[in-house]
Amino acid sequence: MDRKFVVLKLFIDELGIPFDIESVESRLIVQKAIYLGQLSGIDLGYRYGWYIHGPYCSDLTKDYYALDRCLKAGDNDAQNNKFTGEVSSLIASIKLLLKPNSDVKLSYWLELLASYHFLRTVRGMGDVEAREIIQDKKSHLVQYLDVGVRALENFGLVSA
Amino acid sequence: MNFNYKRIADPVHGTIPISRAELEILETPSFQRLRNVKQLGLAYLIYPGADYSRFSHSLGACHMAGCVLESLSSKGSLKEVWAGRVEQNVQVYRMAALLHDIGHYPFSHTMEHAIKEFYSAQLLSPQEEKNLIKPVQIAGNLGGTTQSIATKTTLKHEVVGKELLELDPGIQKVLKSHRIEPKEISRIFRKEEGQEHAVLRNLVTADLDVDRIDYLQRTAHHTSLPYGSVDIRYLISQMGMDSERRLALSLKAMRTAEHLLLGRYFDYMQVSYHKTVAGLEWLLSDIITELLKSGDLKCSAADVKDLIRSGTWSDFDDVHVMQRIRTLAQGAEGVVRRKADALLKRQPPFIALQAESIQKREFHGTFEQIVSNMKNKIAEFAAHFSIPVDCCHLWVRSLDFTETGEASSEGEEYNALCEKAVRLLDQRDSKVSTPIIENPSSVLRILGNYKVFALRLYVLLEERDKTGNMKNEMHSKAQDLYSVEMERLRSGA
């Protein structure tokens, strides 16, 4: 297995996200988890653009399908490796952010965090404008917006 | 704005007119560097004329962008979206096409892949770590990269391009003097944020874009292979913009588009995946890895940014790497020496096994199984012939006829892929377009469900092993190992 796929698998595992790409929802979870995970400072090289469900990376899509095929073919290379302590420490710092602290669905939580962060930092929007976009395009996330924004602020990922 | 400030002779397009801003970009050291970065890597070792540079290709892509935009402008399409700022935006798009390859590493994809693999391994621990993992203190640390981690991650060439736009003093000076924002340019060729509002977002990065149009023509010209010889003037004349401001073709040009996309397939199989090119590039990749291990080459994200900031990125080209390889060859021993010598003296590795087929996409899982099992047999093969296992390489590739269809045919993934797909304008409503693979009479609708799967076993032989008998035995042994896998597959074991 290419080293980059080993790294991708370990990264997802250490974020506490199941590596499951069988459904649209589970793939959304992987997409947003990697987006947020890279905010730890471990840049895996995935660059995102804005699509229907917020930030999306087509290179990541190709890679997780390729990784899935390797795993199904019985390639256990990822299991025989682990990150350095430094890398694991950085991932551990962001992992808590990915855990919803209320009854919100994981896919909603990650979509909310990733989308709001993208709008604020990549698109350069202010809080009001970013919230308007979320309210307009992602009405299913609106009720969690305040909690999500606070979480990102607490992790120092967006300014208040 | 004068897009005819200077004219440059080009073997593919005749003469290429450029603006003053484009001329000034051409004159920067970072752009001049592209003269020494070959577009086709080591393909010139098989096709002697295939040594054209990314410099000429970048100029060609810029010219193609200009032609497309001129065609759209003549139909009034650009005024609709850029009222009052047509020329300024045309300049930005031409500039994006001109600069789209500026971040390419020497030897392009071979080196980029080797770098990615090397630095990915740096993130992994070779031994059990007994220390407890302590989360890094949260406040103030997240959102930025620690210096240590930046020496273990890498930048894709598109990201290097973005860094050059923002950090290279020469390029910065030109863009600033012509009031062009670097972010506007990198947004176009990296298809980043603003997706849903970006005009002509598939002009520079898509299945049928100005990059590919120039590349296929230029490669056809320089290799004398016929693939890519498409009627470009007609194709461009049939381009329009749909209501979502994407580039699309009239239905009349569908066959021309299909010809171009199939030309891509033939080009890959004959050039990039050519058996000798691929064999030599294996050697190159391994030698680059040796140079990274020894520290003769340093290509982490931090190193590349340092090269850009210090102005020495312009020295980091194919010539620079070849010099390092020559130095390595003089001082190395064993397998490393043999690989370096074979590369420098153009002695391609022997092909013990070659298997290729066109199958439905669903075969990919099975193919991975075959590959995984064959990889596990390389050591057995090498031991049988008493050769170092590092002298054997299982080369594996799969190739789409079109990228659409790779992911599930639903949701975000399909939509994202359709953004890149060739689009056809509706006959009844010329503002509506659909991906070509959804057209019932397009051959790509069928081919979109198929992929080419290829596998080869390369062996770097010593002189004494290059006898007919040894090669025949290797063929036989490799074929036996492969046949066992295929039989297992057929029997469902």
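Derivation of every value follows stated rules applied to the coordinates shown; laboratory data play no part. Being a predicted model, the structure only gives us computed values, none of them experimental. Because the Cβ atoms are built from the backbone with ideal geometry, glycine has one as well, and the counts that use them run over all protein chains shown.
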task = Starting at the first residue of the range B:75-81, write each ³J(HN,Hα) from the Karplus equation 6.51 cos²θ - 1.76 cosθ + 1.60 with θ = phi - 60°, in whole Hz, x for Gly and Pro.
result = 9, x, 5, 6, 5, 4, 9
message = Can you give the FRET efficiency to the nearest 0.05 for residue B:237 and residue A:154, using r as the Cβ-Cβ distance and R₀ = 60 Å?
response = 0.60
Long-range HN-HN contacts of residue B:297 with modeled amide H, under 5 Å = B:292
ask   = Using modelled backbone amide H atoms (1.01 Å from N, in-plane), which distant-in-sequence or interchain residues come within less than 5 Å of residue B:202's amide H?
value = B:247
remark   = Here, GluC sites (Glu not before Pro) of the range B:282-370 satisfying both criteria (DSSP loop; at most 11 other Cβ within 10 Å) are B:333
message = What whole-number distance in Å separates the alpha-carbon centres of the range B:300-319 and the range A:1-50?
response = 29
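Suppose every K and R has +1 on its Cβ and every D and E has -1 on its Cβ; what is the size of the dipole of the range A:34-160 about the Cα centre, in Debye to the nearest 20? All intermediate terms of the calculation are to be shown ahead of the outcome.
Details: 14 positive and 15 negative charges, 28 e Å.
Using only the charged Cβ atoms, the result is roughly 140 debye.
Mind checking the range B:19-57 for GluC sites (Glu not before Pro) that DSSP puts in a loop (not H, G, I, E or B) and that have at most 16 other Cβ atoms within 10 Å? Present the calculation step by step, with values, prior to reporting the outcome.
Details: sites: B:22, B:24, B:27; in loops: B:27.
Loop-located and lightly packed - B:27.
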note = Once both label points are put 7 Å beyond Cα along the C-beta direction, the residue A:22-residue B:2 separation in nm becomes 6.6
inquiry  = Is there a quick way to get the dipole size of the protein assembly as shown? I mean about its Cα centre, with the Cβ of Lys and Arg at +1 and of Asp and Glu at -1; what is the value in debye to the nearest 20?
reply    = 880
Neighbour-count order for A:57, B:62, fewest beta carbons within 10 angstrom listed first = A:57, B:62
task = Enumerate the calculated ³J(HN,Hα) couplings along the range B:254-265 in order (Karplus 6.51 cos²θ - 1.76 cosθ + 1.60, θ = phi - 60°), each rounded to whole Hz, writing x wherever the residue is Gly or Pro.
result = 4, 5, 5, 5, 4, 4, 5, 5, 6, x, 4, 4
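At a 10 Å Cβ-Cβ cut-off, how would you order A:109, B:282, fewest neighbours first? Provide the component values of the computation, followed by the final result.
Details: A:109 24, B:282 21.
The order, fewest Cβ neighbours first, is B:282, A:109.
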request  = In whole angstrom, note down how far apart the Cα centers of the range B:427-493 and the range B:355-389 are.
outcome  = 12
request  = Return the FRET efficiency for the residue pair residue B:275, residue B:74: r is the Cβ-Cβ distance, R0 is 35 Å, and the value is rounded to the nearest 0.05.
outcome  = 0.15
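Send over the semi-axes of the range B:370-493's equivalent ellipsoid, whole angstrom and largest first, taken as the square roots of 5 times the C-alpha gyration tensor eigenvalues.
On the way: eigenvalues 407, 48, 32 Å².
Taking √(5λ) for each eigenvalue gives 45, 15, 13 Å, largest first.
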query = Gain in length, residue B:89 to residue B:375, computed as 0.36 nm per residue apart minus the alpha-carbon separation, to one decimal in nm?
reply = 97.9 nm
ask   = Once the Cα atoms of helix B:334-344 and of chain B are each reduced to a long axis, what angle between those two axes, in degrees from 0 to 90 to the nearest 10, is obtained?
value = 40
remark   = The simple spin-label model distance between residue B:476 and residue B:389, using points 7 Å out along Cα→Cβ, in nm, is 2.5
ask   = Which residues' amide hydrogens lie under 5 Å from the amide hydrogen of residue B:353, considering only partners 5 or more residues apart or on another chain, with H built in the peptide plane?
value = B:457
task = Could you work out how far apart the two model spin labels at residue B:432 and residue B:296 are, taking each label as a point 7 Å from the Cα in the direction of the beta carbon, and quote it in nm?
result = 6.1
